[in-house]
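Report on the structure given below.
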Amino acid sequence: MHMREIRSPVRVGIVLDPRVASFGAWRDVDVNLLWAGYVEGIDAAGGLPVTFPPTQALADNPEAALGAIDALLLTGGPDIQASSYGEDPHPLSEPGSELRDEAELALARAALAADAPILGICRGMQILNIAMGGGIDQHIDDPDAAHRSDDFVSHLVQAREGSMLARAIGSNEVAVRSFHHQGLDPVADGMNVVAKSPDGVVEAVEVPGHSFCLAVLWHPEQDLGHGGQGLFDALVQATRERAGALA
């Protein structure tokens with residue numbers, strides 16, 4: 001009798017996004033959200049999403065949360081508050097959550113210190129950059145709306161040959177789904193830029209020497225069937241390989 005191999009799923013930690021919503025009998029209530037595309041991407045890769053509401057306890061004790069997960073996914077969302085990186089806000093900056101900023105920055109720094117695998121997406125790429133000492137371009141020059149319009153926009157990204165990104169997407173060029181008005185400036189020391197858009201915006205970074213640390217400025221969860229899934233697959237696979245190496 002052959003027994004089917006059972007592997008424990010890779011636990012991927014995600015900090016939820018605080019929002020105000022109305023549904024049913026509830027009007028303008030505070031909720032913590034997670035877009036379904038992230039769940040679908042992690043699930044299809046063989047991972048298990050583990051979610052954390054943004055709380056002061058998480059911000060103060062990120063190591064406790066890190067002990068409950070195997071990898072970290074830093075997701076998209078509203079602008080990081082300029083106060084979170086010591087600057088004044090741009091007039092076009094969007095309101096967000098300082099508590100989410102604080103919790104994600106603490107968790108990102110703990111994951112970096114522990115060499116835990118990390119995937120950053122859009123805002124998550126910016127969180128990772130701040131966590132490593134970089135800064136934010138609070139409103140990129142985008143006269144042709146190549147990065148954001150009223151909806152997601154598509155544009156090409158060139159990936160550096162041989163990079164983690166190129167291996168994950170299976171190509172050195174990919175059309176991506178984008179919706180952002182901020183970017184990285186400066187890029188943190190210790191990060192390698194591995195992709196740019198045709199107008200020169202930094203679109204992906206990696207941290208060499210880390211078990212797996214890749215971040216992109218676009219939204220792969222909005223395009224799982226056309227290359228986006230590969231990023232979630234790469235995160236889960238790298239986490240399994242790290243666990244095997246440590247065993």
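A short reminder: the numbers here are calculations on the coordinates, not readings from a lab. None of these values were measured; they are calculated from a predicted model. All Cβ positions, even for glycine, are placed from backbone atoms using ideal geometry, and neighbour counts span all protein chains on display.
Quick one: Cα centre-to-centre distance for region 141-185 and region 102-139, in angstrom? That distance is 19 Å.
Fully extending the segment from residue 149 to residue 173 would add 6.4 nm, taking 0.36 nm per residue of separation and subtracting the current Cα-Cα distance.
With the charge dipole of the chain set up from +1 on Lys and Arg Cβ and -1 on Asp and Glu Cβ about the Cα centre, the Cα lying farthest toward the positive end among the listed residues 9, 77, 38 is that of 9.
Here each label is just a point 7 Å from Cα along the line to Cβ, and for residue 29 and residue 44 those points are 3.2 nm apart. For the listed peptides 186-197, 25-36, 61-72, 225-236, a ranking on the average number of other beta carbons within 10 Å per residue, highest first, reads 225-236, 61-72, 186-197, 25-36.
Cβ crowding within 10 Å, taken as a proxy for footprinting-reagent exposure, orders 171, 8, 163, 178 from fewest neighbours to most as 8, 171, 163, 178.
Distance between the pseudo-spin-label points of residue 245 and residue 20 (7 Å out from Cα toward the beta carbon): 4.7 nm. Cut-off 10 angstrom, C-alpha nodes, Gaussian network model of the chain. Which of 42, 130, 140 fluctuates the most? Looking only at 42, 130, 140, the biggest GNM fluctuation is shown by 140.
Expressed to the nearest 5 percent, the antiparallel share of DSSP beta bridges inside the chain is 60 percent. Farthest toward the positive end of the dipole of region 10-246, out of 227, 105, 195, is the Cα of 227, where the dipole comes from beta carbon charges about the Cα centre. Once you treat every alpha carbon in the chain as an equal point and sum by Debye, what is log10 I(q)/I(0) at q = 0.11, 0.16 Å⁻¹? Relative scattering, expressed as log10 I(q)/I(0), comes to -0.55, -1.20. With q set to 0.14, 0.18, 0.27 Å⁻¹, the log10 of I(q)/I(0) for region 178-247, from the Debye formula over equal scatterers at the Cα positions, is -0.52, -0.81, -1.26. Using the empirical formula 2.2 N^0.38 Å as the baseline, the Cα radius of gyration of region 20-120 reaches a ratio of 1.19. About its Cα centre, region 10-246 has a charge dipole of approximately 720 debye under the convention of +1 per Lys or Arg Cβ and -1 per Asp or Glu Cβ, with nothing else charged.
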